[in-house]
Amino acid sequence: MEIKVMTFNIHHGRGVDKQVDLYRIAEVIEKSKADIIGLNEVDRYFSKRSMYEDQISWLAKQLNLDHAFSPSLSIKSKNSTTVRQYGNALLSRYPIVTNKSHLFNYIPGLIEGRSLLDATIQINEQLYQIMVTHLSLNPLLHRKQTDFILNHLHTYPHPIIIMGDWNMKPGSRGWEKLTNELQDAWHFAGMGLGYTYPSLRPRMRLDYIFVSPELRVVEAEVILKSTNASDHLPLKTTISCC
């Protein structure tokens, strides 16, 4: 059995034309035919910039997919009971059995807004641990976040897929740590450099999908037909589960 997995930093739906358009994001996801989709920079009632939309609920309803959300930043407003949030999200054609959020808050008083979405998905009789994250640009925080993820891997007996915007380069110390434990899908099956940022003239590989060794990476591709939808391009991989 093969499943298609995609990671996409949607920049709260704001395209390179500076317009916020969730229909455009939904079209990219639908055309990708991905089964499991990790999203970064997703707003939930966050601000005027995204019209206070619950973006992941909107996308899940539009695409008829199961969903989960991990807030990286939560703000309580004085005049409203609604919590304004921003973070990572997951869409899935398969049932999301459980999900939780790990907030990366290593330095008190520093509100940078990073987290790890940690969900269990069931495909047929098999459980898979699916994680979505968006790591810091700060080297110290990036190292702490990477180490947390690596330590966390060993808590699960079933296959693991981790994806997101990692803000690192291939061959960096963080990348080497991760690839000692996991397979970089692009490294195994991608053609070319795999650049995903910026979307119009990409020159950096910031978005990654890592999978545990028992899974076989069949194919990896950067989706190039969505250059207007966000400042990142989506990365998709096909994984053999048998």
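The values are calculated or read from the model by the stated rules, or taken from the named source; none is laboratory data. Just so we're clear, the structure is a prediction, and the values are computed from it rather than from any experiment. Glycine gets a Cβ as well: all are built from the backbone with ideal geometry, and neighbour counts include every protein chain shown.
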Pick from the range 103-122 the residues that are touching a helix residue (DSSP H, G or I) at 6+ places or on another chain (Cβ under 7 Å) and crowded, with 17+ Cβ neighbours inside 10 Å: which of them is modelled with the lowest pLDDT? PHE104
Quick check: is even one residue across the range 183-197 more than 14 Å from ILE10 (Cα to Cα) and of a type in the set (Val, Ile, Thr)? no
Exactly one condition in (1) part of a helix (DSSP H, G or I); (2) within 24 Å of THR82 (Cβ to Cβ) is not met by GLU27; state its number. (2)
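Would you confirm whether any residue within the range 42-64 is among the β-branched types (Val, Ile, Thr) and within 29 Å of PRO202 (Cα to Cα)?
We begin by selecting, within the range 42-64, every residue among the β-branched types (Val, Ile, Thr); these are 42, 56.
Filter once more, so that each one left must be within 29 Å of PRO202 (Cα to Cα): 42, 56.
Within the range 42-64, one or more residues are among the β-branched types (Val, Ile, Thr) and within 29 Å of PRO202 (Cα to Cα).
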If a residue must be crowded, with 22+ Cβ neighbours inside 10 Å and either touching a Phe, Trp or Tyr at 6+ places or on another chain (Cβ under 8 Å) or assigned to a strand (DSSP E or B) (or both), how many such residues does the range 35-68 contain? 12
Condition first: in contact with a Phe, Trp or Tyr (Cβ under 7 Å, 6 or more places away or on another chain) and either within 22 Å of HIS187 (Cβ to Cβ) or crowded, with 20+ Cβ neighbours inside 10 Å (or both). Now tell me which residues in the range 139-162 satisfy that. GLN145, PRO159, ILE161, ILE162
Could you please find all residues in the range 163-175 being surrounded by 14 or more Cβ atoms within 10 Å (Cβ to Cβ) and not small (Gly, Ala, Ser)? MET163, ASP165, TRP166, ASN167, MET168, PRO170, TRP175
For residues in the range 77-109 being in contact (Cβ under 8 Å) with a residue 12 or more places away in the chain and part of a loop (DSSP other than H, G, I, E, B), which is farthest from SER32 (Cα to Cα)? ILE107
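How many residues does the range 1-34 contain that are of a type in the set (A, V, I, L, M), in contact with a Cys (Cβ under 9 Å, 6 or more places away or on another chain) and surrounded by fewer than 19 Cβ atoms within 10 Å (Cβ to Cβ)?
From the range 1-34, those of a type in the set (A, V, I, L, M) are 1, 3, 5-6, 10, 16, 20, 22, 25-26, 28-29, 34; that's our starting set.
Pick out the ones that are also in contact with a Cys (Cβ under 9 Å, 6 or more places away or on another chain) and you get 1, 3.
Filter again for surrounded by fewer than 19 Cβ atoms within 10 Å (Cβ to Cβ), leaving 1.
Qualifying residue count, the range 1-34: 1.
Report, by residue number, each residue of the range 224-242 that is touching a Leu at 6+ places or on another chain (Cβ under 8 Å) and under 20 Å from ASN167 (Cβ atoms). Reasoning before the result, please.
As a first pass, look at the range 224-242 and keep what is touching a Leu at 6+ places or on another chain (Cβ under 8 Å): 224, 226-227, 232-233, 239-241.
The answer is HIS232, LEU233.
Does ILE75 meet the test of being closer than 25 Å to LEU103 by Cβ and modelled with pLDDT of 95 or more?
Working: closer than 25 Å to LEU103 by Cβ: yes; modelled with pLDDT of 95 or more: no.
Against the criterion (closer than 25 Å to LEU103 by Cβ and modelled with pLDDT of 95 or more), ILE75 does not qualify.
Which of the residues that make up the range 2-42 are more than 18 Å from MET163 (Cβ to Cβ) and under 16 Å from the mean Cα position of the chain (by Cα)?
We begin by selecting, within the range 2-42, every residue more than 18 Å from MET163 (Cβ to Cβ); these are 12-24, 26-27, 30-31.
The answer is HIS12, GLY13, ALA26.
If you go through the range 1-24, how many residues are part of a loop (DSSP other than H, G, I, E, B) and touching a helix residue (DSSP H, G or I) at 6+ places or on another chain (Cβ under 9 Å)?
4
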Condition first: of a type in the set (Asp, Glu) and outside any loop (DSSP other than H, G, I, E, B). Can you find one or more residues in the range 124-146 that meet it? no
With respect to TYR197, determine if the residue is among the aromatic types (Phe, Trp, Tyr) and more than 17 Å from the chain's Cα centre (by Cα). no
Working only within the range 184-205, note down all residues that are buried (at least 21 other Cβ atoms within 10 Å of the Cβ) and of a type in the set (A, V, I, L, M, F, W, C). ALA185, TRP186
Looking at the range 55-75 only, could you name the residues that are touching an Asp or Glu at 6+ places or on another chain (Cβ under 8 Å) and not aliphatic (A, V, I, L, M)? GLN55, SER70
